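Below is one structure, written out as C-alpha cells; comments come after it.
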Amino acid sequence: MAQQILQPAQLTLIKPPAPFKAANYVASKVRPAFSTEWGALYNDDCLKILPHIQSDSVDTVFADPPFNLQKLYGSKVSDDLAEHEYVEWCHRWIAECVRVVKPGGAIFIYNLPKWNILLGAELTRLGLNFRHWIAVSIKFGLPITGRLYPSHYSLLYYTKGKPKTFRKIRTPIETCRHCDGEVKDYGGHRDAMNPLGVNLTDVWVDVPPVRHRKFKSEKRSANQLSTKILDRVVELTTNQYDVVLDPFGGAGTTFAVAERKLRHWIGCEIEPDYVEVIQDRLLSKDIGHHHNDDVIEG
Ligand SMILES: C[S@@+](CC[C@H](N)C(=O)[O-])C[C@H]1O[C@@H](n2cnc3c(N)ncnc32)[C@H](O)[C@@H]1O
C-alpha cells in the first residue's frame, strides 16, 4: 500500500505543534501504510516492524494480541498454535516491546489469565517492575463446564524501572442504578471522602462491552476493546505529546484514544483490511467513544 498522509481533522481538531515524524522513532527504510498528524501505522507483522524502532524511545506500550482461541483474524494470522508456540511467539514481541520502551515507561498486556500468568513471568524475568494485574470484568461471558465461571480478562501493567509517569485517576462513588443510593458506606468515613470520587482500583467492573453498532466499524465487528480501557492506560501513564505503541492495531482503538487525548502513536497491523478499518476510523469520527466519568487529578 502506498504511503498516504491523512489531512482532514481526525477525532480532534487540535493539531500537535509539529506533525508526528515517524522517522524519529522507526528506521525510515520501513514505510508506514499511512500517517496522521499524530501517528503512523505499519501494515506488517509486528515482529518485522518492532526491530526497526529505536531502543528506549516510546512512553507506553499497549498490546492486545490474539488469544490463541482459534478465532479468524484473516489469512495472515494463525490463532491456533500449540501452547508452547504461542508463548514463545509472545516472548518474541515482548522482548522487543521491553527494548523500545523508555526507562520508566509502561507496558500493558491484555490477555486471558491463562496466558498472562506466563507473560507476566517473562516480563519479570526481563527485569521489569510489576505494578498491577488489573482484572477487567467480562460482561456476558460464557460458562465453561467443569470450571469456575470466567469473569475477568487480565491487564498486566509493568514498568521499566521506577514509573516516570503515574497520574491519579478517580472514579465516581458507586451508586445503585435502581435507587441511585450509594452502594457502600465507607466504614463511617463517607464525609471525609474526596468529592471527585475514589481512587481507581485494580478491578475494573465498569468497562462496557463493545456491542452497540455505534461503537464499531461495519467492516470489523469483533475483537475491539472499549475506549474506556485505553482512556485509563493513556491517562495513567502518559502526558500530552508522549508516544504510545500498539503492535496489534485491530480496529484502532488505541490510536483513536491517543489522538483524542493529544498523544502520538505508532502501530502495526498485519491484515490490510484492518488497516483500512483503522484509517476510516481516524478519518471519519463515526465510531463512538464510550462514556467515561473518570476524573484525572494530576
Ligand atoms: C485482538 S485484536 C486487537 C484489537 C484492538 N485492541 C482494538 O481494540 O481494536 C488483534 C489484532 O492483531 C492483529 N495481528 C495478529 N498478529 C499480528 C502480528 N504478528 N503483527 C501485527 N498484527 C497482528 C490481528 O489482525 C488483529 O487485528
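Values in this text are rule-based calculations from the coordinates and carry no lab data. All of these numbers come straight from a predicted model, not from anything done at the bench. Here Cβ is always computed from backbone atoms with ideal geometry, including for glycine, and neighbour counts include all displayed protein chains.
Odds and ends about this structure:
- Toward the positive end of the charge dipole of region 108-242, with +1 on the Cβ of Lys and Arg and -1 on the Cβ of Asp and Glu, the farthest Cα among THR175, ASN194, PRO208 is that of PRO208.
- Annotation: peptides 236-248, 112-124, 255-267, ranked by per-residue average of other Cβ atoms within 10 Å with the highest first, follow the order 255-267, 236-248, 112-124.
- Charged-residue dipole, Cβ positions (Lys, Arg, Asp, Glu), the chain about Cα centre, Debye nearest 20: 340 debye
- Highest GNM mean-square fluctuation among HIS189, HIS84, HIS132, for the chain modelled with Cα contacts below 10 Å: HIS189.
- Computed lengthening from ILE117 to ASP80, 0.36 nm per intervening residue step minus Cα-Cα distance: 11.4 nm
- Taking a ≥ b ≥ c as the square roots of the eigenvalues of the Cα gyration tensor, region 113-224 is oblate, since a/c reaches 1.5 or more and a/b is not larger than b/c.
- Helical content alone sets the calculated 222 nm signal of the chain at -7000 deg cm²/dmol, taking -39,500 (n - 2.57) per DSSP H segment of four or more residues and averaging over every residue.
- Shape of the chain, Cα gyration tensor, a/c cut at 1.5: rounded
- For the chain, the membrane-span-like helices by this rule, meaning whole DSSP H stretches whose C-alpha atoms cover at least 24 Å of axis and whose Kyte-Doolittle mean is -1.0 or above, are 83-100; this says nothing about an actual membrane.
- Taking 0.36 nm per residue of separation and subtracting the current Cα-Cα distance, fully stretching the chain between ASP293 and THR175 would add 41.2 nm.
- Dipole moment magnitude, nearest 20 debye, region 40-105 about Cα centre, only Lys, Arg, Asp, Glu C-beta charged: 180 debye
- Cβ-placed point charges (K, R +1; D, E -1), dipole of region 69-166 about Cα centre in debye, nearest 20: 520 debye
- Here the relative contact order of the chain, from alpha carbon pairs under 8 Å that lie six or more residues apart, stands at 24 percent.
- Remark: spin-label model distance SER284-ALA27 equals 3.6 nm, labels positioned 7 Å along the Cα→Cβ axis.
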